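Just below is one structure, and these are the notes that go with it.
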Amino acid sequence: MGTVEGVRVSVKLGRAKPIKNMHSIHRFKVQQLPIMAIISSCTASTLKDAATSLRSGNLVAFPTETVYGLGVDATNKDAVSHLYQVKGRPTDHPLIVHISSLANLNKWAREIPEYAIKLARAFWPGPMTLILSRTHLAKDFITGNQDSVGIRVPSHPLASALLKEFEGQGGLGVVAPSANRFGKVSPTTVGDVFEELSGYLSPSDLILDGGPCQVGVESTIINCTQDFPEILRPGAITATMISDLIGLQVNQIATGSNKSLIKAPGLLQSHYAPKAKVFLSTTPDLGDGFIALSDIPTPPGAIRLASPKDNNEYAQLLYQALRLSDTKQISNVIVIPPTGDDIAIAICDRLEKCAYKG
Ligand code: TXA
Ligand code: MG
């Protein structure tokens, strides 16, 4: 069952083809094969059904303020194993547990340092993941055999409502990686989720439509298992915001080539990558894609993929722009990265990871 524009309807979709630029379930042209339902205009009742579905071991893709996540019950081993298959992700690559509030943190994490509590109080709900020592609840099958666990309280109203309902039904946490196939660009709209996963989800799975994500890049991941916090993945919560709050030095893990740290996010050679080759700060040739802040004019012959007015909008639009290069079958994309010590750091981190390594 699902709702479209507030009306409860029975949703039975066939293998569907997205039709661009429409914002409802109707954008999907129904063909023959059964496929998962996409729920637009979620209501309390559909969220309840979605939470029940999670409790039964199914997959539910849902919006967060950063990117869309693909959720399953964090305590259900079979469901988690299915999630890894759907993502095409190696099982030693750990997952983030999503909970509805800081009040539930003790269930999953122990020996929580004082500075981590301060961070949680200041930035949750929001785009921040804390890596903490795990309790017995965080099993090897979600932590990739590590003794730590990643925890996040998302702020998107749909994510929040879904998690509350899930916990109300006795659930303890939802693991949710970004709702893309492993190594690909994270989805920031429901159409992107469909494009990534429609071939892998089954009729009992669901996709919740919460509109485009506000932040647009994944959460800041902070390792809190040591005396000082260490940023493993930059995001909207920046090193400056963290050190201003807690008055401690913040280490930023080196990005790029450290392959031994596979468990830290996005340290594989090719990550967040579209099909097109991405080049940073070079001059485009005729027919190349071009992404830059709006005050930088489009070089002659280049195809403009995004013109964000500031760094926040840059983060919001980046993944959609990279996806657009694939839709337009562009072979090369030239990106002029933003500068600054705000979300620009996260954008540059993702760009370095998706840049063509030759
Ligand atoms: O914004 C986000 O964090 C999104 C939304 C859906 O919440 N989720 C997300 O999940 O980006 P995922 O699985 O695509 O990326 C999470 C990263 C992984 O690369 C993993 O290496 C890292 O978090 N991670 C999870 N648990 C960890 C741990 N115990 N130690 C170190 N890294 C961990
Ligand atoms: Mg991801």
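The numbers here are math on the coordinates, done by the rules we state, and not lab data. Since we're looking at a predicted model, the values are computed, not measured. Neighbour counts are summed over all protein chains in view; Cβ atoms, including those assigned to glycine, are modelled from backbone coordinates with ideal geometry.
Here are the numbers for this structure:
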quantity	calculated
Label point distance in nm, Ser243-Asp92, each placed 7 Å from Cα along Cα→Cβ	3.3 nm
Region 75-126 - convex hull of the alpha-carbon atoms, volume per residue in Å³	114 Å³
Likely footprinting exposure, Ile296, Ile330, fewest C-beta neighbours within 10 Å first	Ile296, Ile330
Approximate shape of the chain as ellipsoid semi-axes (Cα gyration tensor, √5λ), whole Å, largest first	30, 28, 17
Selection of GluC sites (Glu not before Pro), region 43-142, meeting DSSP coil and at most 13 other Cβ within 10 Å	Glu111
Additional length obtainable on full extension of the chain from Ala44 to Ala122, 0.36 nm per residue less Cα span	25.3 nm
Neighbour-count order for Val333, Val217, fewest beta carbons within 10 angstrom listed first	Val217, Val333
Residue order, fewest to most surrounding Cβ atoms within 10 angstrom, among His156, His136, His271, His93	His136, His93, His271, His156
Within a Gaussian network of the chain (alpha carbon springs, distance under 10 Å), most fluctuating of Leu158, Leu137, Leu172	Leu137
Residue-wise HN-Hα coupling along region 227-239, computed from phi with Karplus coefficients 6.51, -1.76, 1.60 (Hz; x: Gly, Pro)	5, 10, x, 9, 7, 8, 9, x, x, 5, 8, 8, 4
Kirkwood hydrodynamic radius of region 117-166, from inverse mean 1/r over distinct Cα pairs, in Å	12.0 Å
Computed lengthening from Ile336 to Leu102, 0.36 nm per intervening residue step minus Cα-Cα distance	80.4 nm
